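The values are calculated or read from the model by the stated rules, or taken from the named source; none is laboratory data. Keep in mind that this is a model prediction, so the values were computed, not measured. Here the Cβ positions follow ideal geometry from the backbone for every residue, glycine too, while neighbour counts run over all protein chains shown. Just the protein is used for accessible areas: all its heavy atoms, side chains included, with ligands, DNA and RNA removed. Shrake-Rupley method; radii C 1.70, N 1.55, O 1.52, S 1.80 Å.
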Amino acid sequence: MVKGFYHSKLTFGTMDGPGIRYVLFLAGCRMGCAFCHNPDTWAQGQQLITAEEVLQEAEDYRQFYDSSGGGITVSGGEPLLQPEFVAELLAKAKARGWHTVIDTCGLAGKEAVMQVLPYVDRVLFSLKGSTEGSYHDLTKAKRKDILANLRLIAARKPVTLRYVLIPGYTDGKDSLAALIGIVHALPQTVEVEVLPYHTMGIVKWDELGWDYTLRDVPEPSKGEVDSFRQSLRQAGIRLAATEN
Ligand code: SF4
């Protein structure tokens, strides 16, 4: 039995997929997002858990998950860095009738994606920008690698595309046009969720003694977020239910 390195667990999650969910945050991420609000999940750490332990705990609250249309979400960190564990966990979850979601940034090998995908009902795909420049400035990944995995996933599973609106980085006209282009080029319709950038993670960077390079970047106003969402709607893009 494969064990998974994990950071934390949430028994009543409402932000990571439909309904009320059991959310397992795995440890380990190589994306290096400059705006990450959970930098303490980057290292793999020491905490280990088995699929059976996760499912046993989730079963205790199952009536809440089922009655709300929820289920189990594996988030991170980056879940696709531990494909053996996630595939085993979600295969067992599917066999017991759970609705399953993964929350990924898409930085993983094609093999890892294909290993996990058969057991996933929906993918929350966090796009860290839409232009090559934003990926260069904000992450350690290349846009082309991320988009290749996004296309792979969107051809096979329902996707919610999560996009963080960061003033000066991902909110410009070039970013908007690139995002619209990405969405329209996907093999199936996806829904988009626009998440306003926030500064709540800075305290964790300070605790780790790391330099937070976006310290002077303001959070977007409600008007700016609404306007970006409206532009997506006008381009014929479906926003996630949380946006309407
Ligand atoms: S992918 Fe998620 S966990 Fe990893 S650095 Fe980016 S925001 Fe943080």
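Of note:
- Only Lys, Arg (+1) and Asp, Glu (-1) charged, at Cβ; the chain dipole about Cα centre in debye: 740 debye
- Charge dipole of the range 1-67 (Cα centre as origin; +1 on each Lys and Arg Cβ, -1 on each Asp and Glu Cβ, all else neutral): 260 debye, rounded to the nearest 20.
- Where no second cysteine Cβ lies under 4.7 Å, the cysteines concerned in the chain: Cys29, Cys105
- Computed E for Asp216/Ala177 - FRET, C-beta separation, R0 30 angstrom, nearest 0.05: 0.70
- Carbon and sulfur %, accessible surface of the chain computed with the full protein complex present, 1.4 Å: 51 percent
- For the options Val192, Val183, Val217, a Gaussian network treatment of the chain with springs between C-alpha atoms closer than 10 Å singles out Val217 as fluctuating the most.
- Violating pairs (Cα-Cα greater than 24 angstrom) within the set Lys92/Lys140; Lys92/Lys142; Lys173/Lys204; Lys140/Lys204: Lys92/Lys140; Lys92/Lys142; Lys173/Lys204
- Zone of Asp60's modelled label, taken as backbone nitrogen in the range 6-23 under 13 Å from a point 7 Å along Cα→Cβ: 9-12
- If you run the Gaussian network model on the chain, springs between alpha carbon atoms under 10 Å, then out of Met114, Met15, Met31 the most flexible one is Met15.
- Residues Asp145 and Glu52, FRET efficiency given R0 of 51 Å [Cβ-Cβ distance, rounded to 0.05]: 0.90
- Close amide-amide hydrogen proximity is noted between Glu193 and Leu161, Arg162, Tyr163, Ala240, each under 5 Å apart and 5 or more residues distant or on a separate chain (H modeled in the peptide plane; Pro and chain starts excluded).
- Note on the chain: with a GNM built from Cα contacts shorter than 10 Å, the maximum mean-square fluctuation among Leu150, Leu89, Leu176 falls on Leu176.
- The Thr199 and Ala241 beta-carbon pair, evaluated with R₀ = 25 Å, returns a calculated FRET efficiency of approximately 0.45.
- Rounded to the nearest 10 square angstrom, Leu80 shows an accessible area of 10 square angstrom against a 1.4 Å probe.
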